[in-house]
Amino acid sequence: MLDSFYGNNLAKTTLVLGWKDGRLPHAVLLEGESGSGKKTFAKIVAAAAVCSGKDKPCGICRHCKKAGQGVHPDIMLIDGAQSSKNVNVDAIRDIRASANIKPNEAERKVYILADAQNMTVQAQNALLKVLEEPPKGVMFILTCDNHSRLLETIVSRVTMLRIENPPISICAQVLHTLAPEHSEQEYLMAAEVFEGNIGKAAASFHDEGFIKIIESSKKIAYAAVRGTEYDLLAELAEFENDKEGFAACLKRVKIVFMDVIKRKYGGKKTPLGQCELDNYISALQCRRIVDIIEEMLRMMEQNMGYPLASAWLCSQIKNALR
Ligand SMILES: [Zn+2]
């Protein structure tokens, strides 16, 4: 079962070693960006906690089977992303009360609190009490996008594991199984743009905006190299009111230039590559553009607005190519 979760060897090893020693932590916090698979991993850990097989989670015992189908009576999934009511103080008090009741079938009882950062401070304080002294056999698995959004007192009482995106090539393979109706090129492209984030990449297949981003990134890269500063500004203009799309598109433009660098140093031509730019730009100039885009993305994270961002980007890129 663990093998079905890609990458993240550190998180997996930490848990497997714990199971071997019988030292399964009573509270685990899985931290990672949205779409990285925290909830999926939490379910695997929960299966391991209730599993009656030897190598946990064995995937074949009745507990693993029920866990896999999402119907194990001793695994409770409380989803803070679905509704903040799910993780309000009353909900946490209910959890505390039910945690004292013995498990139904397994030797353990597991509570998965997904997107725990949506808990109010009051709810977190209520949870703290049961985290400090959990009833015997009770395990809590919390997931969050950033542990700084939880009280320090919570974080200090849990075993924290980072969930990272798998490598691009593995992400592309997984996408193939999740959404078989697309082409290899599309899998690679989505995996690259979303930096291996399987959840986000898979969601992009249902999103017309994604196709737009790919098309626009080609035009922007072309205008950056062959057009005037005005041409470049005009290509950027379609993202005037779409900050997220702008950032996603810039990430894609960055990849276009990184690919040019790779080809210049003998990397093979990829089906997605914009080879027509190769003769008009040096590797050093590409490197500068990549740096500028990275700087730009950092500034946008700090809330730089579109007008300033686009103007800055155009003048920096044109300077770099002079
Ligand atoms: Zn099992």
_Using 28 Å as the Cα-Cα cut-off, could you pick out the over-long pairs in Lys85/Lys251; Lys12/Lys200; Lys56/Lys136; Lys54/Lys85?_
Lys85/Lys251; Lys54/Lys85
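Run lengths n ≥ 4 of DSSP H only: what is the helix-derived mean residue ellipticity at 222 nm for the chain, with -39500 (n - 2.57) per run over all residues, to the nearest 500?
-16500 deg cm²/dmol
Figure the gain on full extension for Lys262 and Ala283 (residue separation times 0.36 nm, minus the Cα-Cα span) and round it to one decimal in nm. Present the calculation step by step, with values, prior to reporting the outcome.
Numbers: separation 21, 0.36 × 21 = 7.56 nm, distance 0.85 nm.
Gain on stretching Lys262 to Ala283: 6.7 nm.
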*For Ser52 and Lys65 in one chain, what is 0.36 nm times their gap in residues minus the Cα-Cα distance, to one decimal in nm?*
3.6 nm
*asked:* Based on alpha-carbon atoms only, what is the radius of gyration of the stretch 2-162 relative to the globular estimate 2.2 N^0.38 Å?
replied: 0.96
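Between Leu151 and Leu308, 0.36 nm times their residue separation minus their Cα-Cα distance comes to what?
Numbers: separation 157, 0.36 × 157 = 56.52 nm, distance 3.60 nm.
The Leu151-Leu308 span can extend by a further 52.9 nm.
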*Between Glu107 and Lys243, how many nm apart are label points set 7 Å from Cα along the C-beta direction?*
5.1 nm
*Calculated Rg and Dmax of the chain using C-alpha coordinates, Å*: 23.5, 72
*Once amide H atoms are placed 1.01 Å from N in the peptide plane, what residues at a sequence separation of 5 or more from Leu29, or on another chain, have their amide H within under 5 Å of its amide H?*
Leu142, Thr159, Met160, Leu161
_With every protein chain kept in place and ligands, DNA and RNA left out, what is the accessible area per residue of the stretch 2-162? Probe 1.4 Å, answer in Å²._
50 Å²
*Paramagnetic reach from His176 (point 7 Å along Cα→Cβ, amide N under 20 Å) across the stretch 198-225*: 198-206
*To the nearest 10 square angstrom, how much accessible area does Met304 have with a 1.4 angstrom probe?*
40 Å²
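Using the Kyte-Doolittle scale, find the helices of the chain whose mean hydropathy is at least -0.5 and whose Cα atoms extend 20 Å or more along the helix's long axis, counting only whole DSSP H runs. Could the numbers behind the result be given before it?
On the way: long enough: 208-226 (27 Å, 0.21); 243-264 (32 Å, 0.14); 283-301 (27 Å, 0.23); 306-320 (21 Å, 0.25).
Both cut-offs are met by 208-226, 243-264, 283-301, 306-320.
The values are calculated or read from the model by the stated rules, or taken from the named source; none is laboratory data. None of the values given here were measured: they were computed from a predicted structure. Glycine gets a Cβ as well: all are built from the backbone with ideal geometry, and neighbour counts include every protein chain shown. Only protein heavy atoms, including side chains, enter the accessible area calculation; ligands, DNA and RNA are left aside. Shrake-Rupley method; radii C 1.70, N 1.55, O 1.52, S 1.80 Å.
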